[in-house]
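Everything below concerns the one structure shown next.
The values are calculated or read from the model by the stated rules, or taken from the named source; none is laboratory data. Source: prediction; values computed, not measured. Using ideal geometry, Cβ is built from the backbone for each residue, glycine included, and neighbour counts are taken over all protein chains shown.
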Amino acid sequence: MNRTCTFRRSAWLCCVVAGSAVAQGFDQSHALYDAVLKAHVVAGQVDYKALKADPAPLDRYLAATATVTEAQVETWTQPQQLAFLINLYNAATLKLIINHYPVESIKDIGGWFKGPWDQPVVRLLGDTITLNHLEHDILRKQYEEPRLHMALVCAAKGCPPLRADAYTAEKLDEQLNDQARVYLTSPAGMRVERDRGVVYLSAIFKWYGRDFASVPDFIERHSGRDIGGLKIRYVDYDWSLNEQDGPR
């Protein structure tokens, strides 16, 4: 039996589908999106100027994700669903940025009462939802996977780096582990000052601490570093755009 989930308007409702899960119709290699990433992402930084000048490949990918039906999703394994939703979140974020580019920060998009994450920009199973809805009402509520926070990239330098390859079901566990390792060995993710008895962590661990069964255990598992006994402080989150250096 394979656990799958289906999105119906405002919730990704869980169900169980018997038999083998066959991903019908949709390209589970996410080749279109993979090509976009390989063309525009280097070391986690994005060439937004070039992506804005040639948005067609990204648009084709988002058009393909928008055609996925509920019946198709019901045949997918959980790794296929997760890869699809993570890629969709990150691709929709890229599209949001280039639609408003140039900007200094994703937080420059929208207004005081309706910021960037509350814009209806994600087309999913016949509906158009917000990035907040996708992250908080679907991914976080329906999947017990704390490594999601290492994979969802909000176009900021304080975020985990955007991979230059698409997530796929076959490589998902390896990719999520790699994301956690890379982020936790970067100054944005964690900085240990053992002589002062302090560890500085990304604010992600403050905002979403309850999603991690144990933050110290998660960190040790994915970085190999024991922060037990250290006082936790949080790094000021850098909201500046995760853009490649160079003139706009």
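Here is a yes/no grid of residues against (1) of a type in the set (A, V, I, L, M); (2) loosely packed, with under 13 Cβ neighbours inside 10 Å:
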site	(1), (2)
ASP195	no, yes
LYS206	no, no
ILE219	yes, no
SER223	no, no
LYS231	no, yes
Can you confirm whether segment 92-113 contains a residue that is touching a Leu at 6+ places or on another chain (Cβ under 8 Å), touching a residue at least 60 places away in the same chain (Cβ under 8 Å) and closer than 21 Å to ARG147 by Cβ?
yes
Identify, from the list ILE129, ILE109, ILE86, the residue that is in contact with a His (Cβ under 7 Å, 6 or more places away or on another chain) and either at pLDDT 95 or above or closer than 29 Å to ALA213 by Cβ (or both).
ILE109
Which residues, taken from segment 180-209, are part of a helix (DSSP H, G or I) and in contact with a helix residue (DSSP H, G or I) (Cβ under 7 Å, 6 or more places away or on another chain)?
ALA180, ARG181, TYR183, LEU184, ILE204, PHE205, GLY209
Please give the helices (runs of 4 or more DSSP H) falling wholly within segment 25-136 in which 3 or more residues are more than 15 Å from the chain's Cα centre (by Cα) and surrounded by 14 or more Cβ atoms within 10 Å (Cβ to Cβ).
31-40, 48-53, 56-66, 78-100
Only one residue in ARG221, ARG210, ARG147, ARG196 is among the basic types (Lys, Arg) and closer than 30 Å to LEU32 by Cα. Which one?
ARG147
Hey, TYR183 surrounded by 16 or more Cβ atoms within 10 Å (Cβ to Cβ), under 22 Å from the mean Cα position of the chain (by Cα) and in contact (Cβ under 8 Å) with a residue 24 or more places away in the chain or not:
yes
